[in-house]
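Visitor: This is the structure, below, for whatever I ask next.
The values are calculated or read from the model by the stated rules, or taken from the named source; none is laboratory data. Just so you know, these numbers come straight off a predicted model, no measurement behind them. Note that we place each Cβ from the backbone using ideal geometry, even for glycine, and neighbour counts take in every protein chain shown. Ligands, DNA and RNA are excluded from the accessible area calculation, which covers all protein heavy atoms including side chains. Shrake-Rupley method; radii C 1.70, N 1.55, O 1.52, S 1.80 Å.
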Amino acid sequence: MNDENGAGDLPELPMTRECPYHPPAAYEDLRAIGPVTRVRQFDGRPVWAVTGHLETRELLSSPHMSVDRFHPNFPMPIPALTQLQSSRTPAIGALIRTDPPEHTRQRRDILPSFTLKKIGVLRPRIEQICADRLDAITAKGPVVDLVEEYTKPAVAMVLSQLLGVPFADREYFEDLTYRRFDPAQVVDALADLTDYLSRLLRAKETDPGDGLLDDLVGKVLAGELERDELVKYALVLVIAGQETTANTIALSVLTLLEHPDQLALLLDDPSLWPNAVEELLRFLAITGGLSRVATADIQLGDLTIADGDGLIFLNPGANRDEAQFERPNELDVRRTVRNHLTFGFGIHQCIGQNLARVEVEIALRALFTRIPTLRLAVPMEQIAVRQGLVFGLAELPVTW
Amino acid sequence: MSGAKTLLPSGDATRCVGAGQCVRTAPDVFDQDDGGTVVVLVAEVDESHRALLDEAAYLCPASAIAFTERG
């Protein structure tokens, strides 16, 4: 950065949501200053904040964007992430924190398990998982916390079946994101999970199952993959696949209940669901704060991003860019939006995005088909939320 | 139709990151192989596919999709 002196006057990240289903209001203020503009991180370092849709696409697909977390200017969107530089967490960072050519090789190792055909095969299993949870919920009523009883366990069950991790051990990976974002717990949480996964993967060498991790254990036994590397893969898949999806489903339920006209359209015409899921993904975008470092000078209109500058991409803001979307702050399940940035853009675009789409669609459709009279048990304002790098509802009390 | 162009789609498997956007957009033109990267199913398509090919190229996060014209 070439202007360290003015950092004290800049808007500061992270920003928090005032309304669960809208990005922080200040993201619009940032975009009004500029789609790529200077802000200050919590530690005082200046960084570029990107809230423009076009600019996000262009920069995230640039070959001059690195995800190297050990670069001195690598942005830290929230305090807890600084703890991850610890030597006790060597296993983190596969895929999401590697650049080509290492990233290319890692992504190719995992990609065969995430093709659209492979995901399609999971559909009936996901439908069964949701149906079983809904049986339990309707038997339990009349007030149920959907986060504890539906979204978290259903997504954990899908993940456990997909990966081949016992559902009974879900304490290791559930809530990990939140423990991960707590500076006091993050290193222990990740060290525990790493140890657990190492033991599990060793056991699979002599007692294989039929999950994604079992396929990769096969590559280890064939000498095509290092054991340490496999632990890294398991760690990132467990972390990335649980709370992002579970939180998106819970927040979608809340959002639809608060937009009854939109929910009515879906109840009337269930064929709208895939379209609605895409709009909900655009509208909600619970993951934000993607960090990058420029590895060369990049010219963007009048703006120069200098070699070594840090950038934080606020994708929930870019999804509300009026230069790209009409009435961006309105939920409209009939609009066709496929170019939202909820899964990112560029070579790191979410590898599990098509699984997430299927999970969100099935979980929502199953819930509202089974309980069309679903409603909040408390006013929205009383529902506890979790701010942070992954936004979520701490609870979702519903009745019917 | 006289003057109609033929479109020649391409998918660069070395750039591909397997996001699946092209397959979701134009499933009769693009698919994924067992490794998860792009394969082009047809050598050429007619003009009616232009909007879909444009969309597939636009949505691809790795700039792996393109097409040329003939005729």
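Visitor: Consider the range A:360-381. How many of its residues are out of contact with any helix residue (DSSP H, G or I) (no Cβ under 6 Å at 6 or more places or on another chain) and part of a loop (DSSP other than H, G, I, E, B)?
Guide: Going through the range A:360-381 one residue at a time, the tally reaches 6.
Visitor: Every residue in the range A:307-318 that is farther than 20 Å from A:PRO11 by Cα and either outside any loop (DSSP other than H, G, I, E, B) or not acidic (Asp, Glu) (or both), please.
Guide: Within the range A:307-318, A:GLY308 is the sole residue that qualifies.
Visitor: Further question: Limited to the range B:1-43, what total is found for residues that are more than 8 Å from every other protein chain (Cβ to nearest Cβ) and outside any helix (DSSP H, G or I)?
Guide: 29
Visitor: Mind checking which residues of the range A:206-235 are in contact with a Lys or Arg (Cβ under 9 Å, 6 or more places away or on another chain), part of a helix (DSSP H, G or I) and open to solvent by 10 Å² or more (accessible area, probe 1.4 Å)?
Guide: A:ASP214, A:VAL220, A:ARG227
Visitor: Hey, among A:ALA323, A:ALA377, A:ALA366, which residue is touching a residue at least 12 places away in the same chain (Cβ under 8 Å), of a type outside the set (Val, Ile, Thr), more than 14 Å from every other protein chain (Cβ to nearest Cβ) and surrounded by 19 or more Cβ atoms within 10 Å (Cβ to Cβ)? Explain how you work it out, then say what you get.
Guide: Values: A:ALA323 fails: surrounded by 19 or more Cβ atoms within 10 Å (Cβ to Cβ); A:ALA377 fails: surrounded by 19 or more Cβ atoms within 10 Å (Cβ to Cβ).
Criteria check complete, one pass: A:ALA366.
Visitor: Here are some residues: A:THR56, A:THR89, A:THR104, A:THR82. Which one is at pLDDT below 95, of a type in the set (S, T, N, Q) and either open to solvent by 10 Å² or more (accessible area, probe 1.4 Å) or in a helix (DSSP H, G or I) (or both)? Full working, then the answer.
Guide: Working: A:THR56 fails: at pLDDT below 95; A:THR89 fails: either open to solvent by 10 Å² or more (accessible area, probe 1.4 Å) or in a helix (DSSP H, G or I) (or both); A:THR104 fails: at pLDDT below 95.
Residue meeting the stated conditions: A:THR82.
Visitor: Then there's this: Among the listed residues A:PRO142, A:PRO124, A:PRO77, identify the single one that is surrounded by fewer than 20 Cβ atoms within 10 Å (Cβ to Cβ) and out of contact with any Phe, Trp or Tyr (no Cβ under 8 Å at 6 or more places or on another chain).
Guide: Just one listed residue meets the conditions, A:PRO124.
Visitor: Additional query: For the subset of the range A:330-359 comprising residues that are basic (Lys, Arg) and outside any helix (DSSP H, G or I), which member is nearest to the other protein chains (Cβ to nearest Cβ)?
Guide: Selected residue: A:ARG338.
Visitor: Moving to a separate point now. Would you point out the residue of the range A:374-400, among those that are in contact with a strand residue (DSSP E or B) (Cβ under 9 Å, 6 or more places away or on another chain) and polar (S, T, N, Q), that is nearest to A:PHE114 (Cα to Cα)?
Guide: Filtering first and then ranking leaves A:THR399.
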